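Scroll down for the structure; my scribbles are underneath it.
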């Protein structure tokens with residue numbers, strides 16, 4: 001948070017322009033003395049009758065007209081009273097002029113869809129002699145007031161700006177963090193305009209490394225984060241500071257592929273790392289909530305977790321890639337029945353490699369029974385932490401969730417072997433798991449060089465001899481064999497390759513999450529498409545897009 005925002009009376013020159021909601025044009029309204037539409041006498045209903053039911057088309061048009069006109073006029077008090085939360089709306093609408101220094105604004109409504117009214121804001125921001133235009137789009141929704149029955153704007157900070165969230169404020173001034181020029185591994189400049197998924201990452205790198213890189217501050221309009229330790233979000237740059245150069249491990253070509261990949265499906269995320277070094281080559285998201293799930297998410301990874309379970313089985317002498325296994329359609333563990341997808345079974349003498357390729361759940365639960373209740377409850381957690389670095393603190397250079405395999409017992413332990421239960425991962429974690437499997441040892445992912453701030457990287461033991469080779473064989477078979485669940489998605493990926501599909505059932509979701517992780521040569525990637533269904537159908541094409549851009 002750069003500084004506290006001031007509260008005051010809005011002034012300046014504002015206007016509402018005719019739009020699709022069906023009301024007339026408004027002339028530019030100068031100051032608070034104008035008597036145009038939006039005055040306080042229009043905030044009450046003409047009848048004492050308390051109306052109920054959904055708002056009508058006419059109510060939507062009239063209420064949005066009055067609100068936008070009052071906001072455009074600069075009357076924050078009247079505008080806030082036309083919302084269902086004046087206490088929160090008033091200060092933020094006031095800050096629009098007093099703190100964000102918006103001196104002119106023209107608001108153009110679009111065509112209403114039901115009770116939603118979109119609009120475009122074309123504003124001018126002025127600060128200490130520096131002036132710059134500022135345009136963006138947002139929307140409001142008209143609802144019926146609970147106690148009054150009046151049609152009111154459903155107040156959300158995003159009404160003022162689409163990126164504003166509760167507890168955040170707008171401000172214009174001299175930035176408190178130095179500017180940076182982030183570049184990829186080859187020196188190509190990375191911007192949030194060209195690579196939208198990097199917006200939050202670039203803000204974090206700026207906050208953390210801008211001054212170290214020798215940058216200076218400029219004059220900007222930004223969103224003050226509610227969390228003082230989190231980076232602010234720059235919305236407009238009036239004058240640039242001197243940028244400090246920050247070298248990243250990202251690869252612009254792979255990042256571009258990741259951006260394309262996540263556009264294939266809503267609610268998708270992907271991350272890519274280099275197995276030989278741990279360098280992060282790409283991180284991308286396509287989510288309606290703007291959340292960076294690729295590096296911060298924490299959800300069950302489904303059958304992609306069988307990579308770690310397979311390593312555990314091999315290391316404990318419970319099986320091998322080409323050793324025989326049983327794959328019944330269902331299996332009971334301490335009173336709870338676990339099933340394979342669509343109840344399939346394998347009765348033709350399957351091996352662990354083939355069961356892995358077809359993602360047989362029961363084959364990754366039954367072999368672990370001989371370990372005994374005490375050991376089998378801790379074996380996966382130990383494997384994940386000691387060899388794959390999961391649950392340790394990763395100092396990547398940006399904020400990340402570093403995976404979690406919590407203690408478990410009973411049926412929950414069995415669920416964890418197939419990536420369910422309380423296990424929590426994200427695409428960056430699973431890309432690292434795959435990189436560890438094929439590279440033979442955990443190399444902590446990182447996005448800026450270690451010597452930039454002398455961070456201490458997390459470490460783990462190398463996989464014992466032969467384990468990595470068997471895991472790689474299993475992954476390769478799953479991506480190339482006719483019966484492999486990843487073969488179709490990986491068909492157009494070249495080089496030395498392998499993959500694993502996964503789907504995770506989430507409480508309250510009708511459709512499972514789609515997971516996919518794979519590698520090609522010296523690049524590993526993993527993707528999550530929430531509520532995407534089977535791993536090969538949604539997450540698979542996202543990963544394939546990224547891997548095709550690799551070495």
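No value in this document is a laboratory result; all are computed from the given coordinates. Please read these numbers as outputs of a predicted model, since none were measured by experiment. Every residue, glycine among them, receives a Cβ derived from its backbone with ideal geometry; neighbour counts consider all protein chains shown.
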Practice prompt. Just report the Cα centroid separation between the stretch 422-477 and the stretch 518-547, whole Å.
Written response: 17
Discussion item. Please compute the alpha carbon radius of gyration of the stretch 319-413, then divide it by the globular-protein estimate 2.2 N^0.38 Å. Two decimals is fine.
Written reply: 1.27
Practice prompt. Mind pulling up the Rg/Rh value for the stretch 178-237? Radius of gyration and Kirkwood radius, both on Cα.
Written response: 0.95
Worksheet item: Fewest to most neighbouring Cβ within 10 Å: what's the order for 71, 134?
Response: 134, 71
Fill in: Potential extension, residue 296-residue 480 segment - 0.36 nm per residue separation minus Cα distance
63.1 nm
Discussion item. Kirkwood hydrodynamic radius, computed over distinct alpha-carbon pairs, for the chain: how many Å, to one decimal?
Written reply: 25.8
Discussion item. Checking a compactness column here: for the stretch 431-551, what do you get for Rg(Cα) / (2.2 N^0.38 Å), N being the number of residues?
Written reply: 1.14
Discussion item. Based on C-alpha coordinates, I'd like the Rg and Dmax of the stretch 253-547, in Å.
Written reply: 17.3, 56
Item to complete: Can you tell me which of 140-149, 522-531, 361-370 comes out highest on packing, and rank the rest after it, using the mean Cβ neighbours within 10 Å?
Response: 522-531, 361-370, 140-149
Response to the item:
Classified through the alpha carbon gyration tensor (a ≥ b ≥ c as square roots of its eigenvalues; rounded if a/c is under 1.5, else prolate when a/b is larger than b/c, else oblate), the stretch 444-499 comes out oblate
Item to complete: Principal axes first, then extents: for the Cα atoms of the stretch 508-548, list largest minus smallest coordinate on each axis, whole Å, largest first.
Response: 38, 12, 10
Worksheet, complete the sentence: Rg/Rh over Cα atoms for the stretch 258-300, Kirkwood Rh, comes to 1.01
Fill in: Contour minus Cα-Cα distance for residue 85 and residue 531 (0.36 nm per residue)
157.2 nm
Response to the item:
Kirkwood calc, the stretch 105-180, C-alpha pairs only, radius in angstrom 14.8
Worksheet item: Counting other C-beta atoms within 10 Å, which of 433, 55 has the fewest, and how do the rest follow?
Response: 55, 433
Worksheet, complete the sentence: Final fewest-first order of 344, 388, 401 on the 10 Å Cβ neighbour count is 344, 401, 388
Worksheet, complete the sentence: On the formula 1/(1 + (r/R0)^6), with r taken between the Cβ atoms of residue 342 and residue 137 and R0 of 45 Å, the FRET efficiency rounded to 0.05 is 0.50
Discussion item. Test of understanding: extend the Cα→C-beta vector of residue 459 to 7 Å, then name every residue of the stretch 394-432 with backbone N under 18 Å from that spot.
Written reply: 394-396
Worksheet item: To the nearest 500 deg cm²/dmol, what mean residue ellipticity at 222 nm is calculated for the chain from DSSP H runs of n ≥ 4 alone, each contributing -39,500 (n - 2.57), summed and divided by the residues?
Response: -7000 deg cm²/dmol
Worksheet item: Want the number for residue 229 to residue 407: 0.36 nm per residue separation, take away the alpha-carbon distance, what's left?
Response: 61.0 nm
Discussion item. Taking 8 Å as the Cα distance limit and 6 or more residues as the minimum spacing, I'd like the relative contact order of the chain as a percentage.
Written reply: 12
Item to complete: Please give the helix 199-209 orientation as an angle from the longest Cα principal axis of the chain, in degrees from 0 to 90, rounded to the nearest 10.
Response: 90
Worksheet entry | Helix 306-315 vs. the chain, principal-axis angle (Cα, 0 to 90°, nearest 10) | 30
